[in-house]
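**Student:** Please find one structure pasted underneath; my questions will follow.
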Amino acid sequence: MLDDFLIRAALAGVGLTLATGPLGAFVVWRRMAYFGDATAHAAILGVALSFGFGISVYVGIIAVALGMAITVASLAGRGHTMDATLGVLAHSALAFGLVAASFLTEVRVDLSAWLFGDILAVGRSDLVIVWLGALAVLALLAWRWQALLTATVSDELAVAAGLNPRREGLALTLALALVVAVAIKIVGALLIAAMLIIPAAAARRLARGPEGMAALASLIGALAVLAGLAASLRFDTPAGPSIVAAATSLFALIALVPRR
Amino acid sequence: MHLISATGLSVHHGGVDVLADIDFGIDRGEIVTIVGPNGSGKSTLVRALIGLERTVRGDVTHQPGLRIGYVPQRLHIDATLPLTVARFLCLPRWVGRAEISAALARTGVEGLERRAISALSGGQFQRVLLARALLSRPDILILDEPTQGLDQPGIAAFYRLLADLRRETGCAVLLVSHDLHVVMAASDRVICLNGHICCQGAPRVVSAAPEYRALFGLGTGGALALYQHVHDHDHEHDVGHGHDPEHPHSHPHDPEHPHSHPHDHPHPPSDEPPHAG
């Protein structure tokens, strides 16, 4: 069954949404949309460096994405607004990544596959990595769930309760770097943030509690993966963008549901 | 050992002294009210005592294992986060249904479990915050201007609730009040703050004398008391300059000495129009 590239693509996409649902919910609640973008864009630099130094692409992406996240966190609050800091870093990471990739003469890097993803080319080993990565993120979030949620509601209440909001934020940053690393093959660096934000934003309308919103975001994401793949097959459109377009259609449909 | 103690505590905001050389301690079961004019550093002090402010000098020490129930002055919860009252009360520790409804009933907002946090009025939210603080079984309750926006009977009822909670649980209460003169009668100590501790002492319980009853209204049930400020120094030179080391402020207290503190006369406590809670 796993020989079929479509089955593999669907399984990889659904596996990814296990992680992007809950993580995307936190990205929405904590207003980290642009932060997610910056981390995802940095992945291109990670890809170029991995090929340059001949190391695993996943390791390179996680390292650069984490470096980016920590740079953002330390730069913001030093006189620059978060918005401007991210504006500088998100685009420069992409630019430097594309420049670095152009130096790789030995190995030809198929840039469009990394920018837009190539879910139909997902192999068995990729499938294993996607699921392991997604389950790791899910486990990390489940472990820190109560503390993360308290810090999201209010840093002050978290500190008064003896928690360390900075450490919880770091857990989220690590989860984001992991998701970027496993998602880049599926939807590509440019559209990872969309898979985080659109399903979670759509789920907000239907959810009564945080756990419900996270689970619904995963469900909506999984539906978008299946619908996007089907559309891609039928209309011969690129798979990654089709998945994001399907997610946006679900968002629009749910927005039409009258508020309870 | 004090539950929380501070020695020589100083806090800067943008290079300006907000608090200078504060020595403070609060003991188990004690009720302490902090009063002071706007910008006197009341919130900064309680935030520093919790560990929410970077201090430039001095130390804050918590008793090991101290549990703090904190009710902040304001709390904005992002509308993208769906949260019912019951779920909010389970942060950061899961508690059972019975415990949740008991805490809500205790703070006078029973039956709100399934209500969305965003649908609460200001007064309800304040009481939900207090219920959440109680669920952590605190050694000390810290409340930053919890009576803001309440009318006088509302303030009196809230103070009675705090006094009852202290009696029932034995927790200490540290309260910030925006009213300089009319304070919680159960306060063991009132601290007047203006960048430094100006004076401190016990409040005078409001008597049943007709002039007081006229001032404080009926039905406050003895929950309110007057605090008589005893300042031995003048604040005019301090305004806008922060702490001035040339003018030490730790003179001995002299109750007979008239002082020119800008707020040394009792005023009617409800100088803001009451609005529905």
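Each reported figure results from applying straightforward, stated rules to the coordinates on display, with no laboratory input. Please read these numbers as outputs of a predicted model, since none were measured by experiment. Every residue, glycine as well, gets a Cβ built from its backbone with ideal geometry; the counts of neighbours run over all protein chains shown.
**Student:** What are the extents of the Cα atoms of the stretch A:1-52 along their three principal axes, in Å, largest first?
**Tutor:** Extents along the principal axes: 40, 35, 10 Å.
**Student:** Based on other C-beta atoms within 10 Å, arrange A:ARG166, B:ARG106, A:ARG234 from fewest to most. Display every interim value, and only then the final one.
**Tutor:** Details: A:ARG166 12, B:ARG106 18, A:ARG234 9.
Neighbour counts put them in this order, fewest first: A:ARG234, A:ARG166, B:ARG106.
**Student:** Assign unit charges at the C-beta atoms only (+1 for Lys and Arg, -1 for Asp and Glu), then state the dipole size of the stretch A:4-255 relative to its Cα centre in Debye, rounded to the nearest 20.
**Tutor:** On the way: 14 positive and 12 negative charges, 75 e Å.
It comes to approximately 360 debye.
**Student:** Report the semi-axes of the equivalent ellipsoid for the protein assembly as shown in whole Å, largest first, where each axis is √(5λ) for an eigenvalue λ of the Cα gyration tensor.
**Tutor:** Working: eigenvalues 606, 144, 62 Å².
Taking √(5λ) for each eigenvalue gives 55, 27, 18 Å, largest first.
**Student:** Mind listing P(r) for the stretch A:1-130? All alpha-carbon pairs, 10 Å bins, whole percents.
**Tutor:** Cα pair-distance distribution for the stretch A:1-130, in percent: 12, 35, 36, 15, 2, 0.
**Student:** Calculate the dipole size of the protein assembly as shown relative to its Cα centre from +1 charges on Lys and Arg beta carbons and -1 charges on Asp and Glu beta carbons; express the result in debye to the nearest 20.
**Tutor:** Values: 38 positive and 44 negative charges, 503 e Å.
I would put it at about 2420 debye.
**Student:** Follow-up question, since we're still on this one. With charges set only on the Cβ (+1 for Lys and Arg, -1 for Asp and Glu), what does the dipole of the stretch A:83-177 come to about its Cα centre, in debye to the nearest 20? Could you put the intermediate results ahead of the total?
**Tutor:** Values: 5 positive and 8 negative charges, 44 e Å.
The dipole of the stretch A:83-177 has a size of about 220 debye.
**Student:** Mind listing which trypsin sites (Lys or Arg not before Pro) in the stretch B:26-55 are in a DSSP loop and have 14 or fewer other Cβ atoms within 10 Å? Before the final figure, lay out the partial values.
**Tutor:** On the way: sites: B:ARG28, B:LYS42, B:ARG47, B:ARG54; in loops: B:ARG28, B:ARG54.
Those satisfying the criteria are B:ARG28, B:ARG54.
**Student:** Also, quick follow-up: Rank A:GLY54, A:HIS91, B:THR55 by how far each Cα sits towards the positive end of the charge dipole of the protein assembly as shown (+1 on Lys, Arg Cβ; -1 on Asp, Glu Cβ) and give me just the farthest.
**Tutor:** A:GLY54
**Student:** Now a separate question. Looking at the stretch B:88-142, which chymotrypsin sites (Phe, Trp or Tyr not before Pro) are DSSP coil and have at most 16 other C-beta atoms within 10 Å of their C-beta?
**Tutor:** Numbers: sites: B:PHE88, B:TRP94, B:PHE125; in loops: B:TRP94.
Of the chymotrypsin sites (Phe, Trp or Tyr not before Pro), the ones in loops of the stretch B:88-142 whose Cβ has at most 16 other Cβ atoms within 10 Å are B:TRP94.
**Student:** Springs between alpha-carbon pairs under 10 angstrom, Gaussian network model over chain A: which of A:ILE70, A:ILE61, A:ILE197 fluctuates most?
**Tutor:** A:ILE70
**Student:** On to the next question. From the backbone phi of the stretch B:104-117, what are the Karplus-calculated ³J(HN,Hα) couplings (6.51 cos²θ - 1.76 cosθ + 1.60, θ = phi - 60°) in whole Hz, Gly and Pro given as x?
**Tutor:** Taking θ as phi minus 60°, the curve returns 5, 5, 4, 9, x, 10, 5, x, 8, 3, 8, 6, 6, 4 Hz for the stretch B:104-117.
**Student:** Expressed as a whole percent, how much of the Cα-Cα distance distribution for the stretch A:4-255 exceeds 26 Å?
**Tutor:** Working: 11773 of 31626 pairs.
More than 26 Å apart: 37 percent of the Cα pairs in the stretch A:4-255.
**Student:** List the residues, sorted by chain then number, that are 5 or more residues from B:LEU19 or on another chain and whose placed amide H is less than 5 Å from its amide H.
**Tutor:** Correct list: B:VAL11.
**Student:** Show that you can apply the helix-only estimate: for chain A, add -39,500 (n - 2.57) for every DSSP H stretch of four or more residues, divide by all residues, and state [θ] at 222 nm to the nearest 500. Display every interim value, and only then the final one.
**Tutor:** Numbers: 11 runs with 204 residues, N = 260.
Rounded to the nearest 500, the figure is -26500 deg cm²/dmol.
**Student:** Highest mean first, what order results for A:199-205, B:141-147 on Cβ atoms within 10 Å? Mind dumping the intermediate values first?
**Tutor:** Working: A:199-205: 25.0, B:141-147: 23.4.
Highest to lowest by the protection proxy: A:199-205, B:141-147.
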